[in-house]
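The values are calculated or read from the model by the stated rules, or taken from the named source; none is laboratory data. On a predicted model such as this, the values are computed, not experimentally measured, just so you know. Cβ sites come from the backbone with ideal geometry, for glycine too, and all protein chains shown count toward neighbours.
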């Protein structure tokens with residue numbers, strides 16, 4: 001797989017991406033808030049190589065520029081699809097490798113893929129979960145009117161890769177954040193939960209955020 005996207009008139013490329021070689025490809029885990037920090041699979045070798053290629057093309061670029069560039073990458077290459085349409089069940093937190101392979105996902109799949117790439121590009125990023133939505137946020141210099149989530153006296157500006165009308169600093173979902181996590185490498189306990197079939201979130205927390213298209 002090869003990708004191209006633009007930031008203004010500048011083109012960026014990611015070459016020779018093989019998601020099926022990821023150690024997390026075609027693996028799933030039960031959706032469980034205490035495990036949210038693991039779902040970005042930041043040690044994914046495929047994601048790390050993609051991030052390396054991007055960083056090599058953006059020397060001396062600011063955090064804000066990289067955050068916007070990564071949002072453009074998702075907007076220009078990926079499409080939204082509900083878990084019901086893709087998996088036949090109401091909510092699945094798929095790993096980034098799976099999202100990259102099919103070039104589509106719902107809010108959580110796209111948010112986790114963004115988080116993973118952003119982390120591996122050296123950004124201070126977190127995943128935000130709402131009752132009915134998932135997004136990301138990056139710690140950076142932002143504009144006063146931008147939406148942010150504050151943690152440990154740091155402002156993380158909200159980024160929503162699942163909505164094509166979103167911009168850096170625009171919170172598409174207006175309901176309160178109910179969980180947030182800085183991504184960490186999956187541990188052995190989490191890996192033991194892996195299955196070969198999608199695992200839904202408990203029905204009391206089904207995703208109901210309307211598709212952005």
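Within the set 91, 85, 33, the sole residue that is modelled with pLDDT under 95 and farther than 24 Å from residue 185 by Cα turns out to be 85. Report, by residue number, each residue of segment 185-195 that is in contact (Cβ under 8 Å) with a residue 12 or more places away in the chain and in a helix (DSSP H, G or I). Correct list: 190 only. Among the residues of segment 185-199, those that are more than 20 Å from residue 106 (Cα to Cα) and within 18 Å of the chain's Cα centre (by Cα) comprise 185, 186.
Evaluate the following for residue 70: is it surrounded by 18 or more Cβ atoms within 10 Å (Cβ to Cβ), in a helix (DSSP H, G or I) and under 15 Å from the mean Cα position of the chain (by Cα)? Yes. Counting only helices (runs of 4 or more DSSP H) that fall entirely inside segment 83-184 and contain at least 2 residues that are touching a residue at least 40 places away in the same chain (Cβ under 8 Å), within 16 Å of the chain's Cα centre (by Cα) and surrounded by 21 or more Cβ atoms within 10 Å (Cβ to Cβ), the qualifying elements are 96-102, 107-120. Out of segment 25-45, which residues are within 11 Å of residue 179 (Cβ to Cβ) and part of a helix (DSSP H, G or I)? Selection gives 33, 34, 35, 36, 37.
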